[in-house]
Amino acid sequence: MATTLPNTWHLRRVADTAAKACLICHKPSSNVLITPNNKDFFYVCPVHLKDRHFCSPIIDTEAEEAKRKEEAMAKEIENVTKEYEAKQKRKKEKKKEESKDKDQEKESDDKKTDTDKSDEKERDDKIDAIKNQSTTTGTPTDDGPRIFSLHKNFYQMRIDRMRNMEAAKRNRQRLQDPSFFPSAPSGGL
(Lines give C-alpha, C1' and ligand atoms only; values in the text may rest on other atoms or scores of the structure.)
Protein backbone atom coordinates (compact mmCIF):
# COMPACT_ATOMS: atom_id res chain seq x y z
CA MET A 1 0.00 0.00 0.00
CA ALA A 2 1.08 3.53 -0.66
CA THR A 3 2.19 5.49 2.35
CA THR A 4 0.91 9.01 2.65
CA LEU A 5 3.44 11.74 2.18
CA PRO A 6 2.89 14.82 4.36
CA ASN A 7 3.15 18.18 2.65
CA THR A 8 5.61 19.44 5.24
CA TRP A 9 9.20 19.88 4.18
CA HIS A 10 12.11 20.87 6.42
CA LEU A 11 15.01 22.80 4.94
CA ARG A 12 18.41 21.30 5.68
CA ARG A 13 21.88 22.20 4.45
CA VAL A 14 24.56 19.77 3.35
CA ALA A 15 28.24 20.39 2.78
CA ASP A 16 29.14 22.25 -0.38
CA THR A 17 31.11 19.20 -1.51
CA ALA A 18 27.93 17.11 -1.30
CA ALA A 19 25.86 19.53 -3.41
CA LYS A 20 23.64 17.89 -6.03
CA ALA A 21 21.44 19.09 -8.86
CA CYS A 22 18.42 21.21 -8.03
CA LEU A 23 15.08 19.56 -8.84
CA ILE A 24 13.96 22.59 -10.86
CA CYS A 25 16.98 24.10 -12.61
CA HIS A 26 19.58 21.29 -12.24
CA LYS A 27 22.24 23.65 -10.86
CA PRO A 28 24.31 22.38 -7.91
CA SER A 29 22.65 23.18 -4.60
CA SER A 30 23.46 22.39 -0.99
CA ASN A 31 19.89 23.02 0.27
CA VAL A 32 17.71 19.97 0.78
CA LEU A 33 13.98 19.80 1.46
CA ILE A 34 13.16 16.65 3.44
CA THR A 35 9.96 15.27 4.97
CA PRO A 36 9.81 14.88 8.76
CA ASN A 37 9.69 11.08 8.47
CA ASN A 38 12.70 11.09 6.07
CA LYS A 39 10.72 9.25 3.36
CA ASP A 40 11.44 11.74 0.59
CA PHE A 41 13.94 14.50 -0.08
CA PHE A 42 15.18 16.62 -2.95
CA TYR A 43 17.74 19.33 -3.56
CA VAL A 44 16.52 22.83 -4.32
CA CYS A 45 18.11 26.24 -4.89
CA PRO A 46 17.51 29.04 -2.34
CA VAL A 47 16.02 31.13 -5.15
CA HIS A 48 13.25 28.57 -5.70
CA LEU A 49 12.39 28.62 -1.99
CA LYS A 50 11.45 32.27 -2.38
CA ASP A 51 9.26 31.54 -5.41
CA ARG A 52 5.65 31.72 -4.27
CA HIS A 53 4.56 29.36 -7.06
CA PHE A 54 6.88 26.59 -5.86
CA CYS A 55 6.41 26.55 -2.10
CA SER A 56 5.27 28.67 0.79
CA PRO A 57 6.93 28.87 4.20
CA ILE A 58 5.08 27.65 7.25
CA ILE A 59 5.69 30.33 9.87
CA ASP A 60 6.79 29.04 13.24
CA THR A 61 5.46 31.40 15.92
CA GLU A 62 7.91 30.09 18.52
CA ALA A 63 10.86 30.88 16.27
CA GLU A 64 9.51 34.38 15.63
CA GLU A 65 9.19 34.97 19.38
CA ALA A 66 12.74 33.71 19.91
CA LYS A 67 14.04 36.17 17.31
CA ARG A 68 12.19 39.03 19.00
CA LYS A 69 13.64 38.05 22.37
CA GLU A 70 17.14 37.93 20.92
CA GLU A 71 16.69 41.40 19.42
CA ALA A 72 15.41 42.72 22.75
CA MET A 73 18.40 41.23 24.56
CA ALA A 74 20.79 42.75 22.05
CA LYS A 75 19.19 46.16 22.66
CA GLU A 76 19.47 45.62 26.42
CA ILE A 77 23.16 44.74 26.13
CA GLU A 78 23.68 47.84 24.01
CA ASN A 79 21.97 49.99 26.65
CA VAL A 80 24.17 48.52 29.40
CA THR A 81 27.32 49.29 27.42
CA LYS A 82 26.11 52.85 26.75
CA GLU A 83 25.47 53.38 30.46
CA TYR A 84 28.96 52.11 31.23
CA GLU A 85 30.53 54.42 28.66
CA ALA A 86 28.59 57.38 30.07
CA LYS A 87 29.86 56.55 33.56
CA GLN A 88 33.40 56.38 32.27
CA LYS A 89 33.08 59.80 30.61
CA ARG A 90 31.76 61.32 33.82
CA LYS A 91 34.61 59.81 35.79
CA LYS A 92 37.17 61.19 33.35
CA GLU A 93 35.65 64.64 33.69
CA LYS A 94 35.84 64.36 37.46
CA LYS A 95 39.39 63.16 37.19
CA LYS A 96 40.36 66.24 35.17
CA GLU A 97 38.80 68.49 37.81
CA GLU A 98 40.53 66.68 40.61
CA SER A 99 43.88 66.59 38.85
CA LYS A 100 44.23 70.25 39.73
CA ASP A 101 44.71 69.25 43.33
CA LYS A 102 47.96 67.30 43.20
CA ASP A 103 47.91 66.35 46.83
CA GLN A 104 44.62 64.51 46.50
CA GLU A 105 45.59 62.91 43.21
CA LYS A 106 47.63 60.08 44.71
CA GLU A 107 44.85 59.02 47.07
CA SER A 108 42.11 59.28 44.45
CA ASP A 109 44.03 57.15 41.89
CA ASP A 110 43.90 54.16 44.20
CA LYS A 111 40.18 54.62 44.81
CA LYS A 112 39.42 55.25 41.12
CA THR A 113 41.19 52.14 39.91
CA ASP A 114 39.16 50.12 42.39
CA THR A 115 35.89 51.75 41.28
CA ASP A 116 36.82 51.38 37.59
CA LYS A 117 37.41 47.67 38.08
CA SER A 118 34.18 47.27 40.01
CA ASP A 119 32.25 49.17 37.30
CA GLU A 120 33.76 46.99 34.58
CA LYS A 121 32.92 43.89 36.56
CA GLU A 122 29.37 45.15 37.11
CA ARG A 123 28.93 45.77 33.38
CA ASP A 124 30.34 42.36 32.47
CA ASP A 125 28.10 40.69 35.06
CA LYS A 126 25.01 42.39 33.60
CA ILE A 127 25.92 41.30 30.08
CA ASP A 128 26.64 37.73 31.23
CA ALA A 129 23.34 37.63 33.13
CA ILE A 130 21.47 38.73 30.02
CA LYS A 131 23.23 36.11 27.89
CA ASN A 132 22.64 33.38 30.48
CA GLN A 133 19.00 34.33 30.64
CA SER A 134 18.73 33.81 26.89
CA THR A 135 20.36 30.36 27.03
CA THR A 136 18.22 29.16 29.93
CA THR A 137 15.01 30.12 28.16
CA GLY A 138 15.98 27.74 25.36
CA THR A 139 16.10 30.18 22.49
CA PRO A 140 18.10 28.80 19.61
CA THR A 141 21.17 30.70 18.56
CA ASP A 142 20.63 30.00 14.88
CA ASP A 143 17.57 30.16 12.72
CA GLY A 144 17.05 26.42 12.83
CA PRO A 145 15.25 24.47 10.16
CA ARG A 146 12.72 26.35 8.12
CA ILE A 147 9.53 24.54 7.23
CA PHE A 148 7.84 24.74 3.83
CA SER A 149 4.72 23.48 2.14
CA LEU A 150 4.89 22.62 -1.56
CA HIS A 151 2.22 23.88 -3.91
CA LYS A 152 -0.19 21.30 -5.26
CA ASN A 153 1.49 20.59 -8.62
CA PHE A 154 4.93 19.99 -7.14
CA TYR A 155 3.45 18.05 -4.23
CA GLN A 156 1.55 15.82 -6.66
CA MET A 157 4.79 15.24 -8.61
CA ARG A 158 6.45 13.99 -5.43
CA ILE A 159 3.49 11.70 -4.61
CA ASP A 160 3.51 10.29 -8.16
CA ARG A 161 7.25 9.69 -7.90
CA MET A 162 6.79 7.79 -4.63
CA ARG A 163 3.98 5.66 -6.13
CA ASN A 164 6.08 4.84 -9.19
CA MET A 165 9.01 3.82 -6.99
CA GLU A 166 6.76 1.52 -4.93
CA ALA A 167 5.24 -0.02 -8.08
CA ALA A 168 8.71 -0.64 -9.55
CA LYS A 169 9.79 -2.27 -6.29
CA ARG A 170 6.75 -4.56 -6.29
CA ASN A 171 7.39 -5.51 -9.94
CA ARG A 172 11.03 -6.36 -9.18
CA GLN A 173 9.93 -8.59 -6.29
CA ARG A 174 7.34 -10.31 -8.48
CA LEU A 175 9.88 -10.99 -11.20
CA GLN A 176 12.22 -12.59 -8.68
CA ASP A 177 9.45 -14.89 -7.41
CA PRO A 178 9.46 -18.15 -9.43
CA SER A 179 5.75 -18.73 -8.91
CA PHE A 180 4.99 -15.52 -10.80
CA PHE A 181 5.69 -17.14 -14.17
CA PRO A 182 3.38 -19.84 -15.51
CA SER A 183 4.64 -23.38 -15.47
CA ALA A 184 5.24 -25.38 -18.58
CA PRO A 185 2.30 -27.52 -19.63
CA SER A 186 2.54 -31.06 -18.50
CA GLY A 187 0.54 -33.29 -20.67
CA GLY A 188 1.03 -36.28 -22.77
CA LEU A 189 1.27 -36.31 -26.43
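The values are calculated or read from the model by the stated rules, or taken from the named source; none is laboratory data. Since we're looking at a predicted model, the values are computed, not measured. Glycine gets a Cβ as well: all are built from the backbone with ideal geometry, and neighbour counts include every protein chain shown. For accessibility, only protein heavy atoms count, side chains too; no ligands or nucleic acids. Shrake-Rupley method; radii C 1.70, N 1.55, O 1.52, S 1.80 Å.
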**Report entry** Test for Ser99: is it more than 30 Å from Pro57 (Cα to Cα) and modelled with pLDDT under 75
**Finding:** yes
Query raised in the report: Hey, among the residues in segment 53-70 that are in contact with a strand residue (DSSP E or B) (Cβ under 8 Å, 6 or more places away or on another chain) and assigned to a loop (DSSP other than H, G, I, E, B), which one's modelled with the lowest pLDDT?
Result: Asp60
Query raised in the report: Are any of the residues in segment 151-168 open to solvent by 100 Å² or more (accessible area, probe 1.4 Å), of a type in the set (Gly, Ala, Ser) and either out of contact with any Pro (no Cβ under 9 Å at 6 or more places or on another chain) or modelled with pLDDT of 85 or more (or both)?
Result: no
Query raised in the report: Based on what the data block shows, is Cys55 surrounded by 15 or more Cβ atoms within 10 Å (Cβ to Cβ) and either in contact (Cβ under 8 Å) with a residue 60 or more places away in the chain or among the hydroxyl-bearing types (Ser, Thr, Tyr) (or both)?
Result: yes
Query - Count of segment 13-56 residues which are in contact with a Leu (Cβ under 7 Å, 6 or more places away or on another chain) and of a type in the set (Ser, Thr, Tyr) - result: 2
Query - Members of segment 1-45 that are in contact (Cβ under 8 Å) with a residue 40 or more places away in the chain, open to solvent by 30 Å² or more (accessible area, probe 1.4 Å) and part of a loop (DSSP other than H, G, I, E, B) - result: Ala2, Thr3, Asn7, Thr8, Lys39
